[in-house]
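Q: The structure is given below, and queries will be raised subsequently.
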Amino acid sequence: DAGVIQSPRHEVTEMGQEVTLRCKPISGHDYLFWYRQTMMRGLELLIYFNNNVPIDDSGMPEDRFSAKMPNASFSTLKIQPSEPRDSAVYFCASSLARGNTEAFFGQGTRLTVV
Amino acid sequence: KQEVTQIPAALSVPEGENLVLNCSFTDSAIYNLQWFRQDPGKGLTSLLLIQSSQREQTSGRLNASLDKSSGRSTLYIAASQPGDSATYLCAAGDAGNNRKLIWGLGTSLAVNP
């Protein structure tokens, strides 16, 4: 398996624009996580899914953020409208429900909102 | 509310030295404790996972220990190499929601040849 795949790797957008980040988890994994990483706050869990169903979205900063998982092999994180303070690296990770439950991370999307 | 702290924030050592990275957490009711490595511009790679019932885990030159009663975990790296240079993060699994990880800010390690 190629691991968790995120796209794009880098995104630069203007304030107010809609941004969509994409993630393909490892095939067969039951859980999918979206994280945000900044220098000041480190890694923060935004939302996670189990079998495509959102379980905990308490980390989503505000209504401008939304996430979907229409099927087991694809998820999106959308920011609309984007603001400069959303600039960060966004990571997607996936894991199994049983056995080796460690999380496998994608390479991240570096988002810059100007 | 669980808080995870890593000290030091940065560490620079000569090649070959044995070193210890520290991680402390405020709530001993954790599900597990994980150590990750992050290289610049890259994602995170899981190094070691210690279940709450375990005291330590080993992988090659890495050894991680867990002392829940004192709220501490250490990552021991033996015979450090320049390739070990990276940021090391620890994360505590929430006992009430074992899929939720609470993260430290990391220790940035530089191993100098």
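The values are calculated or read from the model by the stated rules, or taken from the named source; none is laboratory data. Values in this document were obtained by computation on a predicted structure and should not be read as measured data. Methodologically, a virtual Cβ is constructed for each residue, glycine included, from the backbone with ideal geometry; neighbour enumeration extends over all protein chains shown. Heavy atoms of the whole protein, side chains included, go into the accessibility calculation; ligands, DNA and RNA do not. Shrake-Rupley method; radii C 1.70, N 1.55, O 1.52, S 1.80 Å.
Q: Suppose a student asked you for the relative contact order of chain A, using Cα pairs under 8 Å spaced at least 6 residues apart; what percent would you report? Show your work: numbers first, answer last.
A: Working: 289 pairs, mean separation 42.0, N = 114.
For chain A, the relative contact order is 37 percent.
Q: Rounded to the nearest angstrom and ordered from largest down, what semi-axes does the equivalent ellipsoid of the stretch A:5-57 get from its C-alpha gyration tensor (root of 5λ)? Please list the in-between numbers first.
A: On the way: eigenvalues 99, 45, 27 Å².
Semi-axes, largest first: 22, 15, 12 Å.
Q: Follow-up question, since we're still on this one. Please give the direction-averaged projected area of the C-alpha convex hull for the protein assembly as shown, in square nanometres with one decimal. Spell out each step's value before the answer.
A: Numbers: hull surface 49.6 nm².
Projected area, direction-averaged: 12.4 nm².
Q: Okay, next question. Using a Cα-Cα cut-off of under 29 Å, which lysines could be cross-linked to A:K78, ignoring same-chain neighbours fewer than 8 residues away?
A: The reachable lysines, counting only those whose Cα sits under 29 Å from A:K78, are A:K24, A:K68, B:K1, B:K42, B:K100.
Q: Next question. Ignoring ligands and nucleic acids, what accessible area does B:T45 show with a 1.4 Å probe (Å², nearest 10)?
A: Roughly 80 Å² of B:T45 is accessible to a 1.4 Å probe.
Q: With labels modelled as points extended 7 Å from the Cα through the Cβ direction, what inter-label distance (nm, one decimal) is found for A:A72 paired with A:M40?
A: Once both label points are built, they end up 4.1 nm from each other.
Q: About the Cα centre of chain B, how large is the charge dipole given +1 on each Lys and Arg Cβ and -1 on each Asp and Glu Cβ? Please answer in debye to the nearest 20.
A: 300 debye
Q: Any idea what the relative contact order of the stretch B:70-113 is, in percent, if you count C-alpha pairs under 8 Å spaced at least 6 apart?
A: Dividing the mean separation by the residue count of the stretch B:70-113 yields 43 percent.
Q: Can you tell me the Rg and the Dmax, both Å, for the Cα atoms in chain A?
A: Final numbers for Rg and Dmax: 13.4, 43 Å.
Q: While we're here: Quick one: grab Rg to one decimal and Dmax as a whole number for the stretch B:9-83, Cα atoms only, in Å.
A: Rg then Dmax for the stretch B:9-83, in Å: 13.0, 37.
Q: Further question: Can you pull the one-decimal nm distance between simple spin-label points at B:S59 and B:E3, each 7 Å off the Cα toward Cβ?
A: 2.9 nm
Q: Remind me, relative contact order of chain B in percent, using alpha carbon pairs under 8 angstrom and six or more residues apart?
A: This gives 37 percent for chain B.
Q: Would you tell me the accessible area of A:V114, worked out with a 1.4 angstrom probe on the heavy atoms of the protein chains, in Å² to the nearest 10?
A: Taking all protein chains as shown, A:V114 has close to 100 Å².
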